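Notes to accompany the following structure.
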């Protein structure tokens, strides 16, 4: 009778194969977390930039609508809009915005008397319009003037040149915006209304 061979004689150490199975070390896990963190930080930065761009677009749209609204009011009251003096539409208005001669005669719900003249209408229009601009645009500045050079070297300017050819009434609106320089912090992270953002020429029309 042949002796039974030992099946494990050629494999005396059964744990050798198990030692070849490696898992993730703590160092590898930490490196993976760091790489993932950099990716998440980039996504957060992109989201912040998208939010700022969306806010700037909304303010730009609001300012453009307000400028067009004022232009239509001036066209509708052209006899006053064409005046070189005593014109409520003309002026340099800085935050907080307020009309030179506030009037509320268009708001009949407040119990005020009806507007007695086209000048009173212009005062009431500017009172209401400037209040809305101040509420919608942060640190807003508005300038309405006769200007022949609203742009200098391709850039808008607050300066009004009343001489030369092509003089027309211009509506200029600016406001505080977020800086495009991401390295700026605190007060430097905002760009004040150093130049107008919206510039719209207005042609009220001829008097009759």
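The values are calculated or read from the model by the stated rules, or taken from the named source; none is laboratory data. Every value quoted in this text rests on a predicted model; they were computed, and no experiment measured them. Please note: Cβ atoms are built from the backbone with ideal geometry, for glycine as well, and neighbour counts cover all protein chains shown.
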**So residue 62, is it within 16 Å of residue 121 (Cα to Cα), in contact (Cβ under 8 Å) with a residue 12 or more places away in the chain and in contact with a helix residue (DSSP H, G or I) (Cβ under 7 Å, 6 or more places away or on another chain)** = no
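Taking residue 169, is it assigned to a helix (DSSP H, G or I) and crowded, with 18+ Cβ neighbours inside 10 Å? Walk me through it before giving the result.
Numbers: assigned to a helix (DSSP H, G or I): no; crowded, with 18+ Cβ neighbours inside 10 Å: yes.
Criteria not met by residue 169.
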**Message:** Quick check on segment 127-145: of everything there that is under 18 Å from the mean Cα position of the chain (by Cα) and part of a strand (DSSP E or B), which residue is nearest to residue 99 (Cα to Cα)?
**Reply:** 142
**Request:** Working carefully through the options 68, 55, find the one that is at pLDDT below 90, touching a strand residue (DSSP E or B) at 6+ places or on another chain (Cβ under 8 Å) and part of a helix (DSSP H, G or I).
**Result:** 55
**Complete:** (1) in contact with a strand residue (DSSP E or B) (Cβ under 7 Å, 6 or more places away or on another chain); (2) at pLDDT below 90 all hold for residue 169 apart from (2)
**Asked** What number goes with the only condition from (1) touching a helix residue (DSSP H, G or I) at 6+ places or on another chain (Cβ under 8 Å); (2) part of a loop (DSSP other than H, G, I, E, B) that residue 159 does not pass?
**Response** (1)
**Message:** Can you tell me how many residues within segment 52-107 are over 18 Å from residue 134 (Cα atoms) and under 21 Å from the mean Cα position of the chain (by Cα)?
**Reply:** 3
**Prompt:** Do any residues in segment 86-98 that are on the phi > 0 side of the Ramachandran plot have Cβ atoms under 9 Å from those of residues that are part of a loop (DSSP other than H, G, I, E, B), where the two are at least six apart or on different chains, and which pairs are they?
**Reply:** 91/99; 91/100
**Message:** Based on this model, can you work out whether residue 145 counts as touching a strand residue (DSSP E or B) at 6+ places or on another chain (Cβ under 9 Å), more than 30 Å from residue 44 (Cα to Cα) and in contact (Cβ under 8 Å) with a residue 40 or more places away in the chain?
**Reply:** yes
